[in-house]
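*Asks:* Take a look at the following structure, please.
The values are calculated or read from the model by the stated rules, or taken from the named source; none is laboratory data. Because the structure is predicted, anything quoted here is derived from the model rather than measured. Note: ideal-geometry Cβ built from the backbone for every residue, glycine included; neighbour counts use all protein chains shown.
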Amino acid sequence: MHLHLEIPVPSKIDIRPTPLLLHLPPEILSEIFLWYKDILDPYSAFSDGACDLYDHYRDPSDPFPEKNDISPALLLLGRLCYSLRAIAWSTPQLWTHISLTLSHIQSRRSTQVANLTSWLARSCELPLHIRLESSVMPHARWSTESQFPHDHAFAAIEVIASHRSRLEELSLALPYECFSRLFRTHNTKVMPMLKRLTLLPLRTSESAEYVEGFPHMSVFPEAVALAEVNLLNFPPRTLMRTLPWAQITRFRGHSMPLSHSLYVLQRSPQLETCTISWALGYPGLASPLLHERIHTLSLEGSTTALKYLTLPALVTLQIKTRRLFPAEQCIQLLQRSGLAAGLELGASKLRILDISANFIPATDLLECLDATPMLRELKVLNRDDSIHSLFSDLLVKRLTLEGGKLDLVPDLQRLEVHGCSCQFNIGALGKMLQSRWASSAPSKECGEACDRSKRKGPLEVFRLVASSSSPLSIWEDVMYSRRVWRIIEEGMVVSVAV
């Protein structure tokens, strides 16, 4: 028997492969786009808007990069095909984080304002996170008003103002003149959802007279959810007086007078986290300012604020300076704060200490540690360790637990030392680590099954980053030490890098 099959062949064959994505439901594609955006969009997280916002403007020789669209990754989705573009355009969650830098090119600014209007419309009624900046340097001086793009800056502000009832996070780096367009009193809409506000007022020649006559803004008292404020440069006095400081819990003052930052602390009884970066001048206070609730203090650049603060609730202290570590000022702050908290002389509640300085003498660090008996985490970065090593035999010996009353920071759980020239005895280091690891050994009543988290004062993590002046064999000398290897096998995290 012969079987003959005749299969019809189409006259035209479409050899193009059908994308697998097009067979997925729109809901699944939307979730994929959201994941894609969070991974590739560097501006969607808004991790530290206050810090990086000012760093771009501080050096006039380094132009601020124009972020001309909401997300390069997101706009690429719209270029693949019509179907994917329609799904992306109709997914409101993709359009809630907008970061835009107004271009210095006239034609491009018009397009940016039009795009901003479309992006905000696509976000429907979801909370917004907006970052709007100018490509103008604050050091620039403009001879005529036409040289600065006021018209498009005002237009962009008007677009944002029409949606400001949905603003959850707002970051602005614009000339003084632009702020009143968003915060003007006759606009009836308020900002009930605003939680985080970052403002960098830029000075231009035409704004010099505008600063003193900065209009009153009554919108902020209505921002009932506002909890974090970041101010950079020289904010107008009216702005400082209008913000609802009584409800603020997080504040950052960057490159502004120290007196302005202390003004904020005096009027912010709920403040818990405070960062003062590159403070200018001296406030001239007769006595240190007492604040009952601040538990985290970070000082960057200038450390003058140490003289003018008493913080009985202080738990975390971070100091970053390019000068000598101000040990005396730090100790005085800790002692004042401890006494205000009702502790005995020379004690404080500090749990985390993070120090970064050009040079940290070992003796100064020891005096500081003597004032922090409850310390749990210590991180030090010594930029110049070529002459006198911070992590010396003296420090290693004092950190070794002997079981006496004079033990230094007995509850230390994490120790990180960066920039060390490693002028210490390897055997002494091993003894110190072993003594602190052994201090966490379970008692006879508890037994081996005792939860390690309930044991007293174990040093769980030790990290050492050696400087270039260290011996090349330092890694092998430490990691292959018998005592160090033993505690690594038992579970301590030990890391050594050169």
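*Asks:* What do you reckon, is Trp245 touching a strand residue (DSSP E or B) at 6+ places or on another chain (Cβ under 9 Å) and over 14 Å from Ala305 (Cβ atoms)?
*Replies:* Spelling it out, Trp245 is indeed touching a strand residue (DSSP E or B) at 6+ places or on another chain (Cβ under 9 Å) and over 14 Å from Ala305 (Cβ atoms).
*Asks:* Sort out which residues of the stretch 232-275 are part of a strand (DSSP E or B) and not polar (S, T, N, Q), and write them in order of number. So that I can check it myself, show each step before the final result.
*Replies:* Just the residues of the stretch 232-275 that are part of a strand (DSSP E or B), to begin with: 232, 250-254, 257, 273-275.
Of everything in the stretch 232-275, those that are part of a strand (DSSP E or B) and not polar (S, T, N, Q) turn out to be Leu232, Arg250, Phe251, Arg252, Gly253, His254, Pro257, Cys274.
*Asks:* Also, quick follow-up: Restricting to the stretch 220-247, name every residue that is under 15 Å from Ile276 (Cα atoms) and under 20 Å from the mean Cα position of the chain (by Cα).
*Replies:* Across the stretch 220-247, the qualifying residues are Glu228, Val229, Asn230, Leu231, Leu232, Asn233.
*Asks:* On to the next question. Go through (1) among the hydrophobic types (A, V, I, L, M, F, W, C); (2) in a helix (DSSP H, G or I); (3) surrounded by fewer than 19 Cβ atoms within 10 Å (Cβ to Cβ); (4) at pLDDT below 85 and name the single condition Ala121 misses.
*Replies:* Exception for Ala121: condition (4).
*Asks:* In addition: Return only the number of the condition from (1) modelled with pLDDT under 60; (2) surrounded by fewer than 19 Cβ atoms within 10 Å (Cβ to Cβ); (3) farther than 22 Å from His260 by Cα that His216 does not satisfy.
*Replies:* Tallying (1) modelled with pLDDT under 60; (2) surrounded by fewer than 19 Cβ atoms within 10 Å (Cβ to Cβ); (3) farther than 22 Å from His260 by Cα, His216 fails exactly one: (3).
*Asks:* Right, something else. Quick one: count up the residues across the stretch 289-337 that are among the hydroxyl-bearing types (Ser, Thr, Tyr), closer than 19 Å to Ser356 by Cα and either in contact with a His (Cβ under 7 Å, 6 or more places away or on another chain) or not in a helix (DSSP H, G or I) (or both).
*Replies:* Taking the stretch 289-337 as the starting set, the residues that turn out to be among the hydroxyl-bearing types (Ser, Thr, Tyr) are 296, 298, 302-304, 308, 310, 316, 321, 337.
Checking the rest, the ones that are also closer than 19 Å to Ser356 by Cα come to 296, 298, 302-304, 316, 321.
Of the ones still in play, those that are also either in contact with a His (Cβ under 7 Å, 6 or more places away or on another chain) or not in a helix (DSSP H, G or I) (or both) are 296, 298, 302-303, 316, 321.
The total comes to 6.
*Asks:* On the basis of being in contact with a Phe, Trp or Tyr (Cβ under 7 Å, 6 or more places away or on another chain), touching a residue at least 24 places away in the same chain (Cβ under 8 Å) and more than 23 Å from Arg196 (Cβ to Cβ), does Ser255 make the cut?
*Replies:* No.
*Asks:* What are the residues in the stretch 152-178 that are touching a helix residue (DSSP H, G or I) at 6+ places or on another chain (Cβ under 9 Å) and assigned to a strand (DSSP E or B), if any?
*Replies:* Leu167, Glu169, Leu170, Ser171, Leu172, Ala173, Leu174, Pro175
*Asks:* Evaluate the stretch 276-285: report whether one residue or more is modelled with pLDDT of 95 or more, surrounded by fewer than 17 Cβ atoms within 10 Å (Cβ to Cβ) and in a strand (DSSP E or B).
*Replies:* So far as the stretch 276-285 goes, no, none of its residues is modelled with pLDDT of 95 or more, surrounded by fewer than 17 Cβ atoms within 10 Å (Cβ to Cβ) and in a strand (DSSP E or B).
*Asks:* Could you give me the residue pairs with C-beta distances under 6 Å whose first residue belongs to the stretch 385-399 and is over 22 Å from Arg322 (Cα atoms) and at pLDDT 85 or above, whose second residue is surrounded by 15 or more Cβ atoms within 10 Å (Cβ to Cβ) and aromatic (Phe, Trp, Tyr) wherever it lies, and which are 6+ apart or on separate chains?
*Replies:* Short answer, once both residue conditions are applied: Val396/Phe424.
*Asks:* Criterion first (at pLDDT 90 or above and more than 21 Å from Pro175 (Cα to Cα)) does Pro269 satisfy it?
*Replies:* For Pro269, the condition - at pLDDT 90 or above and more than 21 Å from Pro175 (Cα to Cα) - is met.
*Asks:* Count, please, the residues in the stretch 276-301 that happen to be in contact with a Gly (Cβ under 9 Å, 6 or more places away or on another chain) and in contact (Cβ under 8 Å) with a residue 40 or more places away in the chain. Give the steps one after another, and end with the answer.
*Replies:* First, pick out the residues of the stretch 276-301 that are in contact with a Gly (Cβ under 9 Å, 6 or more places away or on another chain): 276-279.
From what is left, the residues that are in contact (Cβ under 8 Å) with a residue 40 or more places away in the chain are 277.
Total satisfying the criteria: 1.
*Asks:* Can I ask one more? Which of (1) surrounded by fewer than 21 Cβ atoms within 10 Å (Cβ to Cβ); (2) under 24 Å from Ser287 (Cβ atoms); (3) hydrophobic (A, V, I, L, M, F, W, C) is the odd one out, the single condition Phe234 does not satisfy?
*Replies:* (2)
*Asks:* May I pose another question? Could you list, ordered by first residue, the pairs with Cβ atoms under 7 Å in which the first is in the stretch 87-98 and closer than 16 Å to Thr117 by Cβ and the second is polar (S, T, N, Q), at least 6 apart or interchain?
*Replies:* Pairs that qualify, where the first residue is closer than 16 Å to Thr117 by Cβ and the partner is polar (S, T, N, Q), are Pro92/Ser123; Trp95/Ser123; Thr96/Ser123.
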